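Data first, discussion second: the structure below is written as structure tokens.
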Amino acid sequence: MTTRPRLARRGTAFAAIAVAGALTLTACGSDDNDTADKPSANGTTGAGSSSAPAANLTCGSGTLAGAGSSAQKNAIDEWVKRYQQKCSGTTVDYQSSGSGAGRQSFFDKQIAFAGSDSALKEEEVAKGAAACGGTPAINLPMVTGPIAVAYNLPGVKDLVLDAKTIAGIFSGKITKWDAAEIKALNPSAQLPSSAIQTVHRSDKSGTTENFTKYLKAAAPADWTAEPSQDWPTQDGQSAKGSEGVATVVKGASGAIGYMEVSFAENNGLGIAAINTGASAPVKLTPEAAGKAVSAAKVEGQGNDLKLKLDYATKAEGAYPIILVTYEIVCEKGNAADKLPLVKSFLTYTASEEGQAILADNGYAPLPAEIATKVRTAVASLS
């Protein structure tokens with residue numbers, strides 16, 4: 001099994017990316033009424049400041065409920081631990097139920113924020129507004145990271161795949177590990193003749209949607225299904241959440257699945273390098289993921305920060321299979337008793353310190369320009 005030191009080395013490199021453009025932690029309240037008598041993380045009270053350092057984080061109080069993306073689970077777990085240390089007396093309860101389930105819980109007004117590996121769809125915008133008292137729900141990117149194509153194939157290291165071959169494997173057209181398509185990409189590997197066992201998500205999943213967006217963009221002739229949160233075929237086994245997929249792959253020799261990278265690493269799985277058409281196959285590294293993430297463009301309006309990713313990139317050294325996890329929250333119309341805690345917690349997750357925690361746990365930090373916009377949007381929540 002891969003050990004924590006390996007993940008830490010990768011995290012250290014992510015941290016170097018984070019430092020490049022990070023800003024200081026902003027306080028959560030732009031409205032004096034939200035923060036006037038709330039305790040801060042250094043034990044003082046008083047109104048929030050938009051330029052307060054980490055030690056002066058204005059704490060909320062009570063319990064904050066969230067649910068959704070399992071891809072961000074490891075990040076959320078670390079954020080919650082650190083935030084509750086700074087803000088004793090607060091509880092953040094996040095259930096990694098999957099992106100689709102999280103959005104539905106948000107629409108049903110069961111939670112204050114939903115983690116989702118895809119932004120709200122056009123057909124979901126009205127549902128979001130209804131949950132927010134007629135005002136918009138907004139998409140706040142908070143976690144970025146690569147999706148690993150992870151495999152359990154004893155004796156085979158440094159496997160290389162391309163979009164066409166991955167599409168063939170997951171559509172059930174390529175069924176053996178020694179298939180000609182895989183051999184061509186791995187001429188020196190000792191590939192077994194055993195069957196390939198694919199594993200996909202059983203739940204509605206933003207990770208599935210981003211993975212199928214990659215296949216559709218990079219291999220449109222070989223992957224004809226439209227991108228979807230639901231796995232589009234009946235081939236292979238299924239499991240709930242990234243953690244479930246990783247567990248099944250780990251337990252079955254010859255298995256392959258897609259998952260957020262920290263789950264692959266924590267389970268000691270092999271991770272395929274991707275032949276994108278660049279001069280060399282791209283291994284999944286912090287720098288490679290960062291190159292792809294840094295090219296993301298904001299296509300939302302105002303404080304809605306929906307991003308557009310280039311899944312078909314052939315840029316040298318850019319790893320193309322990436323996702324962005326959004327925290328979906330009401331821009332206005334938040335419950336008065338939850339607003340200070342929502343703003344406080346999201347202020348922390350978007351802060352310099354919060355983003356550095358991502359880097360230490362196998363994710364990529366937000367690009368500096370996008371992080372600045374997220375902090376501004378969080379400060380304006382009401």
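The values are calculated or read from the model by the stated rules, or taken from the named source; none is laboratory data. Just so we're clear, the structure is a prediction, and the values are computed from it rather than from any experiment. Virtual Cβ from ideal backbone geometry, glycine too; neighbours counted across all protein chains shown. Heads up: the accessible areas ignore ligands, DNA and RNA and are worked out on the full protein's heavy atoms, side chains in. Shrake-Rupley method; radii C 1.70, N 1.55, O 1.52, S 1.80 Å.
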Checklist entry - Which whole-Hz ³J(HN,Hα) couplings does the stretch 305-311 yield from phi under the Karplus relation 6.51 cos²θ - 1.76 cosθ + 1.60, θ = phi - 60°, glycine and proline marked x? => result 10, 4, 10, 10, 10, 9, 6
Item to check | Whole-percent pair-distance distribution, where bins are 10 Å wide, for the alpha carbons of the chain | outcome: 5, 25, 33, 22, 11, 4, 0
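Tell me the net charge near PRO281. Cut-off is 10 Å between Cβ atoms, PRO281 excluded, with +1 for each Lys or Arg and -1 for each Asp or Glu.
That works out to -1.
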Next on the checklist: From the phi angles alone, apply the Karplus equation (6.51, -1.76, 1.60; θ = phi - 60°) to the stretch 67-76 and give each ³J(HN,Hα) in whole Hz, x where the residue is Gly or Pro.
Outcome noted: 6, x, 2, 7, 4, 8, 4, 5, 5, 4
Checklist entry - To the nearest 10 square angstrom, what accessible area does GLU124 show with a 1.4 Å probe? => result 20 Å²
Checklist entry - Angle between the Cα long axis of helix 122-131 and the longest principal axis of the chain, 0 to 90 degrees, nearest 10? => result 30 degrees
Checklist entry - How many percent of the accessible area of the chain is carbon or sulfur, using a 1.4 Å probe? => result 50 percent
Item to check | Cut-off under 5 Å, modelled amide H: who pairs with ALA364 long-range | outcome: THR144, GLY145
Item to check | Placed amide H near LEU269: partners under 5 Å, 5+ positions off or other chain | outcome: THR2
Next on the checklist: From the P(r) of the stretch 257-382, could you give the percentage of C-alpha pairs in the tail past 20 Å?
Outcome noted: 52 percent
Checklist outcome for this item: Sorted by chain and then number, the residues having a modelled amide H within less than 5 Å of the amide H of VAL92, at least 5 places away or on another chain, are LEU64
Checklist entry - Residue separation times 0.36 nm, minus the C-alpha to C-alpha distance between GLN110 and VAL156: what's the value? => result 12.0 nm
Checklist entry - Helix-derived [θ] at 222 nm for the chain: sum -39500 (n - 2.57) over DSSP H runs of at least 4, divide by residue count, nearest 500? => result -10500 deg cm²/dmol
Checklist entry - When all protein chains stay in place, what accessible area (Å², nearest 10, 1.4 Å probe) is found for LYS338? => result 70 Å²
Checklist entry - Highest GNM mean-square fluctuation, the chain, Cα pairs closer than 10 Å: which of ALA272, ALA189, ALA221? => result ALA221
Checklist outcome for this item: Over all directions, the stretch 59-177 yields a Cα convex hull whose mean projected area in nm² is 10.8 nm²
Checklist outcome for this item: Expected vector for the stretch 225-239, Karplus 3J(HN,Hα) from phi with 6.51, -1.76, 1.60 and θ = phi - 60°, integer Hz, x for Gly and Pro, equals 5, 6, x, 7, 6, 9, 4, x, 10, 9, 6, x, 8, 10, 8
Checklist entry - Taking the convex hull of the alpha carbon atoms in the stretch 116-230, what volume per residue do you get, in Å³? => result 120 Å³
Next on the checklist: On C-alpha positions alone, give me the angle between the axis of helix 368-379 and the longest principal axis of the chain, in degrees, nearest 10.
Outcome noted: 40 degrees
Next on the checklist: Out of all DSSP beta bridges in the chain, what portion is antiparallel? Express it as a percent rounded to 5.
Outcome noted: 60 percent
Next on the checklist: Rounding to the nearest 10 and keeping the result within 0 to 90°, find how far the Cα-based axis of helix 4-21 lies from the longest principal axis of the chain.
Outcome noted: 60 degrees
Item to check | Positive-end residue, the stretch 267-369 charge dipole about Cα centroid, Cβ charges, pick of PHE345, GLY302, ASN361 | outcome: GLY302
Next on the checklist: Set the bar at 25 Å for Cα to Cα. Now go through LYS283/LYS306; LYS164/LYS283; LYS216/LYS291; LYS86/LYS343; LYS240/LYS297 and name every pair that lies beyond it.
Outcome noted: LYS283/LYS306; LYS240/LYS297
Checklist outcome for this item: Of VAL324, VAL293, VAL248, the most mobile residue in a GNM of the chain (C-alpha springs, cutoff 10 Å) is VAL248
Next on the checklist: Between SER193, SER202, SER253, where does the largest GNM mean-square fluctuation fall for the chain, given springs only between Cα atoms within less than 10 Å?
Outcome noted: SER193
